[in-house]
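Data block below; observations after.
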Amino acid sequence: MTAAQPKFTPRIFSGIQPSGGLTLGNYLGALKRFVEKQDEGIETIYCLVDLHAITVWQDPARLRDQTREAAAAFIAAGIDPKRSILFNQSQVSAHAELGWVLNCVARMGWMNRMTQWKDKAGKDAEKASLGLFAYPSLMAADILLYHATMVPVGEDQKQHVELCRDIAAKFNHDYGVDFFPLTEPLIEGAATRVMSLRDGTKKMSKSDPSDASRINLTDDADTIAQKLRKARTDAEPLPGTVAGLKHRPEARNLVNIYAALAGRTPAQVVAEYEGKGFGTFKPALADLAVAKLAPIATEMKRLMADPAEIDRILGDGADRADVIAQPILARTLEITGMIRSRKP
Ligand code: AMP
Ligand code: TRP
């Protein structure tokens, strides 16, 4: 952090799109770490970013269901909605308002360089929504609206968090203020990039057409075990060092998943399984994954039976988020020269 940063108290913000069921990638790259941060006692704010989800088409009824399901996943995984703030983005209108201001700070060229934009818009960028292009500046608004200092994310979001820093720095510079923090991405642990179970060169994703490519947090014990047993691998036994996994993406992925689930390092895992084949390693991984994930699926099911309670929790979280966001939005608008003469 730069010398100007100490005035910002440590605060964590992160978000997940409710655009499909959550996967093991979301769990290890994000959710599990969100819980660890909460349990370290840092102020934590977690958001289901429904405004980001609609940058690509979402069926309205499904979006509502998926938002509740994602909230249930957070709580089932260990987020305590009393200690953390848990809410859906669209209930705090300041996100969209600050997003607009930051659209006027960010540059087209910066957005054009975002690899996720290039991947998602594909060859037909003309047909992508304007929202998809502006997506990273709304993400910067999510973070800066709370003066968040740290953002736990998976590897794929690093570029977006760096862009958030560029936007904050340009705002501070253009208006001659030291108002927004230069937020740090937190990318830690053995599984910051969980790969597809069918192709070790592709990210595990909720939008992959093949269900066998991922483990969903809603999968039951049999499904989890079966998908891991069928995961693509090579025929070699496991090496004794992490370096030996270098050209073996599928093997490396399974070792990383094991390490992240067990709370160990990949080096410890290969040291234990050195010389063992996948006939031994996969069943051990399946047992571990079932032990860690099946209780989450069960708890999610229980929570989903009471959608009104989930909506109440999200509403309460939004109220508490709004209390932090409103003064920061108001100050931003003042800095930019907007008249603020309405009575509160
Ligand atoms: P998304 O599902 O794109 O909204 O991602 C939500 C969070 O999960 C972000 O922090 C991502 O970086 C993380 N994430 C998504 N997929 C993976 C993956 N395959 N491996 C690690 N982290 C992931
Ligand atoms: N773009 C993130 C993703 O797809 C989700 C997100 C939106 C986010 N706003 C955020 C993550 C703010 C961290 C902080 O994974």
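Structure notes:
- Across 7/37; 158/292; 32/203, pairs whose alpha-carbon gap is larger than 23 Å: 158/292
- Taking only protein heavy atoms and a 1.4 Å probe, the accessible area of segment 211-302 is 52% carbon and sulfur.
- Amide H contacts under 5 Å for residue 23: 217, restricted to partners 5 or more places along the chain or on a different chain, H placed in the peptide plane at 1.01 Å from N.
- Other residues whose C-beta falls under 14 angstrom from the C-beta of residue 283 contribute a net charge of +3, scoring Lys and Arg +1 and Asp and Glu -1.
- The convex hull around the C-alpha trace of segment 248-344, projected and averaged over every direction, spans 12.0 square nanometres.
- Choice from 289, 121, 191 showing the highest fluctuation, given a GNM over the chain with Cα pairs closer than 10 Å: 121
- Helix 130-144 vs. the chain, principal-axis angle (Cα, 0 to 90°, nearest 10): 80
- Tilt relative to the chain, helix 307-335 - C-alpha long axis, 0 to 90 degrees, to 10: 50
- Projected onto its three principal axes, the C-alpha set of segment 21-80 covers 37, 21, 18 Å, listed from the longest axis down.
- Sites listed here are GluC sites (Glu not before Pro) in segment 210-316 whose DSSP assignment is loop and whose Cβ has at most 16 other Cβ atoms within 10 Å: 274.
- For the chain: relative contact order, % (alpha-carbon pairs under 8 angstrom, 6 or more apart): 23
- Label sites at residue 61 and residue 108, each approximated as a point 7 angstrom past Cα along Cα to Cβ, lie 4.1 nm apart.
- Span from the segment 169-229 Cα centroid across to the segment 255-327 one, whole angstrom: 13
- Cα-derived Rg over Rh, computed across the chain with Rh taken as Kirkwood radius: 0.99
- Stokes-Einstein translational diffusion, segment 47-98 - Kirkwood Rh over all Cα pairs, 0.692 mPa s, 37 °C, in µm²/s: 276
- Relative contact order computed over segment 211-302 (Cα-Cα under 8 Å; 6+ residues apart), in percent: 40
- Note on segment 186-234: the C-alpha convex hull projects to 4.2 nm² when averaged across all orientations.
- The Rg/Rh ratio of segment 211-302, with both radii computed over alpha carbons and Rh defined as the Kirkwood radius, is 0.99.
- Taking the charge dipole of the chain about its Cα centre, with +1 at Lys and Arg Cβ atoms and -1 at Asp and Glu Cβ atoms, the residue from 218, 164, 14 reaching farthest to the positive side is 164.
- Phi-derived couplings, Karplus 6.51 cos²θ - 1.76 cosθ + 1.60 at θ = phi - 60°, listed residue by residue for segment 187-196: 10, 9, x, 7, 9, 7, 8, 7, 9, 4 Hz, with x used for Gly and Pro.
- Relative to the longest principal axis of the Cα atoms of the chain, helix 94-103 runs at roughly 80 degrees.
- Overall form of segment 1-128 per C-alpha gyration tensor (a/c, 1.5; a/b vs b/c): oblate
- Our coupling estimate for segment 9-18, obtained by passing each phi through the Karplus curve with A = 6.51, B = -1.76, C = 1.60 and θ = phi - 60°, is 6, x, 8, 9, 10, 8, x, 9, 7, x Hz, Gly and Pro reported as x.
- With all protein chains kept in place, the per residue accessible area of the chain amounts to 47 square angstrom at a probe of 1.4 angstrom.
- Taken one residue at a time, the phi angles of segment 336-341 give Karplus couplings (6.51, -1.76, 1.60, θ = phi - 60°) of 7, x, 7, 6, 10, 10 Hz. Gly and Pro are set to x.
- Dipole magnitude of segment 45-177, debye to nearest 20 (Cβ charges: Lys/Arg +1, Asp/Glu -1, about Cα centre): 80
- Element breakdown for segment 39-144 at a 1.4 angstrom probe: carbon and sulfur atoms account for 55% of the accessible area.
- Oblate is the label for segment 99-159, because the ratio a/c of its alpha-carbon gyration tensor axes (a ≥ b ≥ c) is 1.5 or higher and a/b is not greater than b/c.
- Antiparallel content of DSSP bridges confined to the chain, in %, to 5: 10
- Net dipole in debye of the chain [+1 Lys, Arg Cβ; -1 Asp, Glu Cβ; about Cα centre; nearest 20]: 480
- Long-range amide H partners of residue 15 with built H, under 5 Å: 47
The values are calculated or read from the model by the stated rules, or taken from the named source; none is laboratory data. What you are looking at is a predicted structure, and each value in this text was computed from that prediction instead of being measured. Counting neighbours? That spans all protein chains shown, and the Cβs are built from the backbone with ideal geometry, glycine included. Surface areas here come from the heavy atoms of the whole protein model, side chains and all, with no ligands, DNA or RNA. Shrake-Rupley method; radii C 1.70, N 1.55, O 1.52, S 1.80 Å.
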